[in-house]
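Participant: Below are the structure tokens for one structure; questions will follow.
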Amino acid sequence: MNRWIAAVLLLAAAVVFALFCVTIIDEREQGFRTLLNQPEPKLFGVALNRPNLTEPGWYVVIPGLHDLVRFDRRDILFHSSKRSLNTVERTLVDADYYVVWRIADPQLFFQSNRREENAVQRLDELTYSEVRETVNKHTLADLLSPAREEVQKEITAASDAKLAGQGIHVVDVRLGATLYPEENLARVYDRMRTERERFALKFRAEGEQQARALRSKADGESQVILAQADSESLRLHGEGDAEAARIYSEAYAGDAEFFAFVRSLEAYRKSLDSQTTVILSTRSGFLKYLLDMNGGKPEK
């Protein structure tokens, strides 16, 4: 009977111990546990407490001896407000950014920040400092092109290095919308308009210069072509005259009288018609063949 009573009392003590001295940390949590307000007290060189409880499971937390602070072990998103940033060419832009972070070391995190709200404030300050310094080393074109990815990686690495000593791991930093400040938009548009007008004037001047060069080249080529055509025309005309003279010469040599007759007929055709009156002496050689066709007498 006494054994049964002892067993029941022992079981009851175990239940009470489990209810009050055992805690469960699930997959979403991690914890920082101290023993007698010390993270790692030692007895004869042996550690009596494991401060970082980063794995889910059952852990002993004895009231009055242990203190346990729970933290989220999941990634946490922080979204900043819009900040004014200067690029390397001194262009002022407004941009916000997103930080994905998590608690990597609960002990360091607790000792540095105590609460998550304090950590978020420090995270904002340090990441903004890195965003400002990194953007100040790059151009606006870098922020609006594929090079933006490298800028974000640079910010992430620098922020993670600075916050690692506080038990924080920065997973990623992403720049949000990058815009000109509202008060600067008018000046930006004026500058863009002036720049486009300058480009337009430059292109028009270059176009006119090229047009003049093309016209000059075309005029020169046309003069060369006309000169070559005139030369070719004169050459062909001279060859034609020479060929005609040769033919006349051969015809004259073959039958001088017939040749003279043909030439006289051609002269009559060109000089005499129904509207022409010619007064010549009967002794004129021009009327030789006309008189011969009438028996050597002039036509009445």
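Participant: Output the peptides 64-70, 224-230, 29-35 sorted from most to least packed, where packing is the average of other Cβ atoms within 10 Å over each peptide's residues.
Facilitator: 29-35, 64-70, 224-230
Participant: In the full protein assembly as shown, how much of Ser233 is accessible to a 1.4 Å probe, in Å² to the nearest 10?
Facilitator: 70 Å²
Participant: If ligands, DNA and RNA are left out, what is the accessible area of Tyr248 with a 1.4 Å probe, given in Å² to the nearest 10?
Facilitator: About 100 Å², ignoring ligands and nucleic acids.
Participant: Rounded to a whole number, what % of the accessible area of the range 105-257 do carbon and sulfur atoms account for, probe 1.4 Å?
Facilitator: On the way: 5680 of 10290 Å².
Roughly 55 percent, rounded to a whole number.
Participant: Mind listing the phi-derived Karplus ³J(HN,Hα) values for the range 108-122, rounded to whole Hz, using 6.51, -1.76 and 1.60 with θ = phi - 60°, and x for any glycine or proline?
Facilitator: 4, 4, 5, 5, 8, 10, 6, 10, 5, 4, 5, 5, 5, 5, 5
Participant: Sort out for me the Cα centre separation of the range 141-178 from the range 42-72, rounded to whole Å.
Facilitator: 35 Å
Participant: Mind listing which trypsin sites (Lys or Arg not before Pro) in the range 79-137 are in a DSSP loop and have 12 or fewer other Cβ atoms within 10 Å?
Facilitator: Details: sites: Lys82, Arg83, Arg90, Arg102, Arg114, Arg115, Arg122, Arg132, Lys137; in loops: Lys82, Arg90, Arg114, Arg115, Lys137.
For trypsin sites (Lys or Arg not before Pro) across the range 79-137 that sit outside H, G, I, E and B with at most 12 neighbouring Cβ atoms in 10 Å, the list reads Arg90, Arg114, Arg115, Lys137.
Participant: List every residue whose amide H lies under 5 Å from the amide H of Ile76, counting only residues 5 or more places away in sequence or on a different chain, with H placed 1.01 Å from N in the peptide plane.
Facilitator: Long-range HN contacts for Ile76: Trp101, Arg102.
Participant: Related question: Relative contact order for the range 55-193: what percent, with Cα pairs under 8 Å and sequence separation of 6 or more?
Facilitator: Details: 183 pairs, mean separation 42.1, N = 139.
That works out to 30 percent.
The values are calculated or read from the model by the stated rules, or taken from the named source; none is laboratory data. The model shown is predicted, which means the values in this text are computed figures rather than measured ones. Here the Cβ is made from the backbone with ideal geometry for all residues, glycine too, and neighbour counts use every protein chain on show. When the accessible area is computed, the model is the full protein with side chains, heavy atoms only, and any ligands, DNA or RNA have been set aside. Shrake-Rupley method; radii C 1.70, N 1.55, O 1.52, S 1.80 Å.
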